[in-house]
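The values are calculated or read from the model by the stated rules, or taken from the named source; none is laboratory data. Quick caveat, the model's predicted, so the values are computed rather than measured. Note: ideal-geometry Cβ built from the backbone for every residue, glycine included; neighbour counts use all protein chains shown. The accessibility values were calculated without ligands, DNA or RNA, using every heavy atom of the protein model including side chains. Shrake-Rupley method; radii C 1.70, N 1.55, O 1.52, S 1.80 Å.
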Amino acid sequence: MKLLAIANQKGGVGKTTTAVNLATCLAEKGKKVLLIDLDPQGNATSALGVSETQGNSIYEPLIGYAQLKDKIVTTRFDRLSIIPSDIDLAGAEIELARLDDHLGRLRAVLGSLGHNTPFDYLLLDCPPSLGILMTNALAAAHQLLIPLQCEYFALEGLSKIVQLVDQIRAINRVLAIGGIIMTMYDARTNLSQQVVNEVRKHFKNLVYQTIIPRTVRLGEAPSFGKPIIEYEPHGIGATAYRALAEEFVQRESGKIKFLDSV
Ligand SMILES: Nc1ncnc2c1ncn2[C@@H]1O[C@H](COP(=O)(O)OP(=O)(O)O)[C@@H](O)[C@H]1O
Ligand SMILES: [Mg+2]
């Protein structure tokens, strides 16, 4: 089982869109996937058309009131399960801060799934802050995937995440930056291409070859509670996220080399 944190402290950069669509595309490819919605806003939950019910997030397991396995729900997609978000998660930052080992709670809880977990991948959709939930996600993860919007200030703030990763390595030595995913690429502007060039110059092949285009359909799909492969299975958004899943698997298998240092 591999644990992936999808994080960037900036909001609106495509974290949730990437988490939901990478999860569904990996499941479509035959992988067994658990998506965990760590954002109190619950966008990943609603984007999959799953309803939020109070008491059904990872909050209770995190503070020791319930078992993780009791919060996992199957979805209408084969091989894809989710732990939804709920409003309780909004209090988790404060609650967790009071507990011992508050940065390692998620890691301990996910460890409870044990070695014979049915999942190949766990995807953690992180909230947009460098708070305790995101830190917990990094302390638990094997890989961090960073969605980056193709816009002028894209690189701003990236050094903060990289710094945080370095700090977290003190408690989670295996944590690697698995890649940077360029999102919302607009082919009609030079700016998008300039940003991609700039990011590639700095981060080399840490940047995914697959680039996610800005499309109206990708923006609309969550309001119908559908991932893109269901909402518009043959459009450019679905094609891009399928390619991303394929590239992810290739990188995983070592067929595409990536540098784990920046
Ligand atoms: N490639 C894209 N094309 C068009 N709209 C997108 C794309 N990716 C995300 N969006 C939209 O942009 C907004 C922010 O994306 P989201 O994935 O929720 O970001 P985050 O989780 O980082 O806050 C959402 O309304 C989403 O539907
Ligand atoms: Mg989000």
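Averaged over its residues, the chain has an accessible area of 45 Å² per residue, based on protein heavy atoms and a 1.4 Å probe.
Give a quick list of GluC sites (Glu not before Pro) in region 122-204 that DSSP marks as loop, anything other than H, G, I, E or B, with at most 13 other Cβ atoms within 10 Å.
Details: sites: GLU151, GLU156, GLU198; in loops: GLU151, GLU156.
When the GluC sites (Glu not before Pro) of region 122-204 are filtered for loop state and at most 13 Cβ neighbours within 10 Å, GLU156 remain.
Using the Karplus relation 6.51 cos²θ - 1.76 cosθ + 1.60 with θ = phi - 60°, the per-residue 3J(HN,Hα) values for region 111-119 come to x, 5, 5, x, 6, 8, 5, x, 9 Hz, with x marking Gly and Pro.
Highest-first packing order for the peptide set 185-193, 225-233 is 225-233, 185-193, based on the mean count of other beta carbon atoms within 10 Å.
Just to be sure I understand: of the beta bridges DSSP finds with both ends in the chain, what percent are antiparallel, rounded to 5?
Given both bridge residues lie in the chain, the antiparallel proportion sits at roughly 5 percent.
If the segment from SER129 to VAL73 were pulled out straight at 0.36 nm per residue, it would be longer than the present Cα-Cα gap by 17.5 nm.
Taking each of LYS10/LYS31; LYS2/LYS32; LYS2/LYS201 in turn, the alpha-carbon distance tops 18 angstrom for LYS10/LYS31; LYS2/LYS201.
Restricting the count to DSSP beta bridges whose residues both fall in region 33-134, what percent are antiparallel, rounded to a multiple of 5? Restricted to region 33-134, the bridges split so that about 20 percent are antiparallel. Near the amide H of THR210, within less than 5 Å, lie no amide hydrogens of residues on another chain or at least 5 residues away, with H placed in the peptide plane. Dipole size of region 2-252 about its Cα centre, with +1 on Lys/Arg Cβ and -1 on Asp/Glu Cβ: approximately 720 debye, rounded to the nearest 20. Between the alpha-carbon centres of region 189-229 and region 88-123 there is a gap of 29 Å. Carbon-plus-sulfur fraction of the accessible area of the chain, 1.4 Å probe, in percent? It is 52 percent, rounded to a whole number. Scanning residues 5 or more positions from LYS2 or on other chains, those with amide H under 5 Å from its amide H are TYR121, LEU122, with H placed 1.01 Å from N in the peptide plane. Only one residue of LEU96, SER57, GLY179 has its Cα farthest out toward the positive end of the dipole of the chain, where Lys and Arg carry +1 and Asp and Glu -1 on Cβ, and that residue is GLY179. When the helices of the chain are scored as -39500 (n - 2.57) per DSSP H run of n ≥ 4 and the total is divided over every residue, the value at 222 nm lands at -10500 deg cm²/dmol.
Counting other Cβ atoms within 10 Å, keep those with at most 12, restrict to DSSP loop, and tell me which trypsin sites (Lys or Arg not before Pro) in region 61-129 are left.
Counting only loop positions with at most 12 other Cβ atoms within 10 Å, the trypsin sites (Lys or Arg not before Pro) in region 61-129 are ARG76, ARG98.
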